[in-house]
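Okay, so here's the structure we're looking at.
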Amino acid sequence: MTSLKGKVALVAGGTRGAGRGIAMELGAAGATVYVTGRTTRNQISEYGRKETIEDTAELVNELGGTGIAVQVDHLIPDQVQSLIEKIEKEQGRLDILVNDIWGGENLIEWDIPVWEHSMEKGMRMLRLAIDTHIITSHYALPLLIRNKGGLVVEVTDGTEEYNQDRYRVSLYYDLAKSSVIRMAKALAHELSPYDCTGVAVSPGWMRSEIMLEVFGVTEENWKDATEKEPHFVISETPRYIGRAISAIAKDPEKKRLNGGSFSSGELAKMYHFHDLDGSQPEAFRYLVEVQEAGKPANAEGYR
């Protein structure tokens, strides 16, 4: 089904992880997808990883969409402005903006109080997680609101309901991820008069390239990781959140979601889609009812 044919999407931060999965699923639905990030086949970012924006664009093409890779550092306003000018010149429209820029994995210090946490790493995390999204929205939204039905997705970690009662990793990480949820609410208010929609969406425990490496497994044998971490049984592919966002984008009644915060698992139930293995992981319900409740790992009834 190519119900996004003729639509133009920008996945800001589409090099790997959730961004790659989102770009692929928007492409599978027929969209033209601009994929941005800092790592290309000729230049790598501070991550020092092998995934590139060109790789993602090719995956979009393979699934039936049109992938266009553009190197952009979303902390540099001139680069973002040039990107939007390029999209306007080449397509004349923008229908979907996915703010997935993150880049903070190497900056995380787990359960370290603010007076001991590296301030340099913490402030860098906030800039990467928040400033990039604001800069991108500033330049992209004047193009997006020209047409009714536009969609802006803020990708984060955790739903509003889950995060509001929990300490998430550190003050910096907590603030970064909660701010993105609040940003979606503010954008929803500002977009509403233009018949456009803003939402926050979170994956569950996602099997990103980095996460698979941490456990020393591949997507093909990911279940072997449950020997080290039994609760990894609830994990999901990056394509799952991609299908969630694609489903929202296709929904002619998506305005009803405006300002909301959702997980990929919640949206799977709402829109009746599945992960690549045919399951519907509900990670946040599992976290509350199984992992945080101290029960043995068992995903039965949760995927």
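The values are calculated or read from the model by the stated rules, or taken from the named source; none is laboratory data. Computed from a predicted structure; not experimentally measured. Neighbour counts are summed over all protein chains in view; Cβ atoms, including those assigned to glycine, are modelled from backbone coordinates with ideal geometry. Note: accessible area is taken over every heavy atom of the protein model, side chains too, but ligands, DNA and RNA are not part of it. Shrake-Rupley method; radii C 1.70, N 1.55, O 1.52, S 1.80 Å.
If you sort 231, 133 by accessible surface, 1.4 Å probe, largest first, the order is 231, 133. Note on the range 85-136: dipole from Cβ charges, positive end direction compared against 123, 92, 136; the farthest Cα belongs to 92. The amide H of residue 156, built 1.01 Å from its N in the peptide plane, has 201, 202 as neighbours under 5 Å, considering only residues 5 or more places off or on other chains. Model label sites at residue 90 and residue 213, defined 7 Å from Cα along the beta-carbon direction, differ in position by 2.7 nm. For the range 169-177, backbone phi angles converted through the Karplus equation (6.51, -1.76, 1.60; θ = phi - 60°) give residue-by-residue couplings of 6, 6, 4, 5, 5, 4, 5, 4, 6 Hz, Gly and Pro being listed as x. With a ≥ b ≥ c taken as the square roots of the eigenvalues of the C-alpha gyration tensor of the range 131-287, please select rounded if a/c is under 1.5 and otherwise prolate if a/b is larger than b/c or oblate if it is not? Prolate, since a/c reaches 1.5 and a/b exceeds b/c.
Could you please put 127, 243 in sequence from largest to smallest accessible area, using a 1.4 Å probe? Walk me through the intermediate numbers first.
Numbers: 127 105, 243 65 Å².
Largest to smallest exposure gives the sequence 127, 243.
Exposed loop sites here are GluC sites (Glu not before Pro) assigned a DSSP state other than H, G, I, E or B and surrounded by at most 14 other beta carbons within 10 Å; excluding them, the longest clear run of the chain is 117-218.
Converting phi to 3J(HN,Hα) with the Karplus coefficients 6.51, -1.76 and 1.60 and the offset θ = phi - 60°, the range 124-138 yields 5, 4, 5, 5, 5, 8, 10, 4, 4, 5, 5, 4, 5, 5, 4 Hz in sequence order, with x at every glycine or proline. Close amide H pairs (under 5 Å, H built 1.01 Å from N) link residue 149 with 196, residues at least 5 positions away or on another chain.
In a simple Cβ point-charge model (Lys, Arg +1; Asp, Glu -1; nothing else charged), the chain has a dipole of about 880 debye relative to its Cα centre. Taking Cα centre as origin and charging only the Cβ of basic (Lys, Arg, +1) and acidic (Asp, Glu, -1) residues, the dipole magnitude of the range 102-202 rounds to 380 debye. Under 5 Å from the amide H of residue 299 lies no amide H of any residue 5 or more positions distant or on a separate chain, with H modelled from the backbone and absent for Pro and chain starts. Name the residue from 101, 65, 113 whose Cα lies farthest towards the positive end of the charge dipole of the range 51-123, charges +1 on Cβ of Lys and Arg and -1 on Cβ of Asp and Glu. Value computed over the given set: 65. For the chain, the relative contact order comes to 17 percent (Cα pairs under 8 Å, sequence separation of at least 6). Rounded to the nearest 10 square angstrom, residue 119 shows an accessible area of 130 square angstrom against a 1.4 Å probe. Here the accessible area is traced with a 1.4 Å probe on the protein chains. For the range 159-303, carbon and sulfur cover 50 percent of it.
The calculated 222 nm mean residue ellipticity attributable to helices in the chain amounts to -11500 deg cm²/dmol, summing -39500 (n - 2.57) over DSSP H runs of n ≥ 4 and dividing by all residues.
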